[in-house]
1. Take the chain, connect every pair of alpha-carbon atoms lying under 10 Å apart with a spring to form a Gaussian network, then pick out the residue of ILE20, ILE65, ILE293 with the largest mean-square fluctuation.
2. Say we join alpha carbon atoms closer than 10 Å with springs in a Gaussian network model of the chain; which of THR187, THR275, THR220 then has the biggest fluctuation?
3. At a 1.4 Å probe, what is the % contribution of carbon and sulfur to the accessible area of segment 178-248?
4. Roughly how many percent of the accessible protein surface of segment 19-152 is carbon and sulfur, given a 1.4 Å probe and a whole-percent answer?
5. Most fluctuating residue of GLU121, GLU18, GLU63 in a GNM of the chain with Cα springs under 10 Å: which is it?
6. Ignoring ligands, DNA and RNA, what accessible area per residue does the chain give at 1.4 Å, in Å²?
7. Tell me, what is the FRET efficiency for THR34 and MET129 to the nearest 0.05, using R0 = 45 angstrom and their Cβ-Cβ distance as r?
Amino acid sequence: MKGNNVPLQAHLSMFTAEAIWGFMAPIAKDAMNTGFDGISVVSFRVAGAALLFWIASFIGPQEHIPKCDILKLAGAAVLGIVFNQCLFNIGLNITSPVNASIVTTSMPIFAMVLSFFILKEPITWKKAMGVAIGCCGALILILSSASAGNAKVGDIRGDLMCIFAQFSFALYLALFNPIIRKYNVFTVNKWMFTWASLLILPFSTWHVTQLPWASFTTATWLEVGYVVVLGTFVSYLLSVVAQGVLRPTVVSVYNYVQPIVSVVVSVAVGMSVFTLPQGVAVLLVFSGVWLVIKSKSKRDEKKGVRS
């Protein structure tokens, strides 16, 4: 991106990526309602994304990557794609798109806690308060799901799976950030999605063969295509473009777009209902994440790092 419109293009890229992800929860949920299951959706998503990133890698800049780093990307794929996507999609299949989307905003909280234990980054009182507030919101969401136990309001099993999916992705960021930043987006993702496809293959084979292929409509295939092409390939590229221009704190704020879009769409089409406990949970989770994002560590304050 060049010229005076660079910041505007970056903001539009990040907003578009988050909006695409926001639409993805109800769209994937609808595909599951017509015969797909969580594992099958993940199988199509990782295999399709692997193919697209390999094609794009031949067009983009060429990089040599040693075998040891290719093996490291296998570990990154386990946490960043296999566990993350399997847990999220299986959870989405059980709970409501609203709950699944609300939970996705908790990732910065997990990232902060893991950075404290793994990277030894200090925690300020604001961050600690943010974690506590966010946990209260997640607890309210889980308890309301436990009392409801249905896919429109929420299911505690699905909520917990979606929460662990965020934990898995945060752990992936904490452990594999150096190797991820070492190569360009095409190189990293073609290997990560390739490894994910191979690792999921033993579990996905049976699921895919059991799908009711004859009953799938064109609309269902378009929904799966949306998840693969827009929800994975295009949205990830857009987010990377934006992250190259915008500050991390600004990028983090855009995380709020995803659940807002998902809630509006899911409720509008009658796929979910939005209850008072969910509203309270949203406010608490958003507030907790905001405190975590805005807080500076003492190390940052000494260096003069701005939010």
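1. The residue that fluctuates most here is ILE65.
2. Highest fluctuation of the listed residues: THR275.
3. Its accessible area is 72 percent carbon and sulfur atoms.
4. Carbon and sulfur together cover 74 percent of it.
5. Comparing GLU121, GLU18, GLU63 in a Gaussian network model of the chain, the most mobile one is GLU63.
6. Working: 14700 Å² over 307 residues.
About 48 Å² of surface per residue is accessible.
7. Working: r = 43 Å, r/R0 = 0.97.
E(calc), rounded to 0.05, equals 0.55.
The values are calculated or read from the model by the stated rules, or taken from the named source; none is laboratory data. As the structure is a prediction and not an experimental result, all values here were calculated from the model. In this analysis, Cβ positions are derived from the backbone assuming ideal geometry, glycine residues included, and neighbour counts consider all displayed protein chains. We work out accessible area using only protein heavy atoms, side chains counted, and drop any ligands, DNA or RNA first. Shrake-Rupley method; radii C 1.70, N 1.55, O 1.52, S 1.80 Å.
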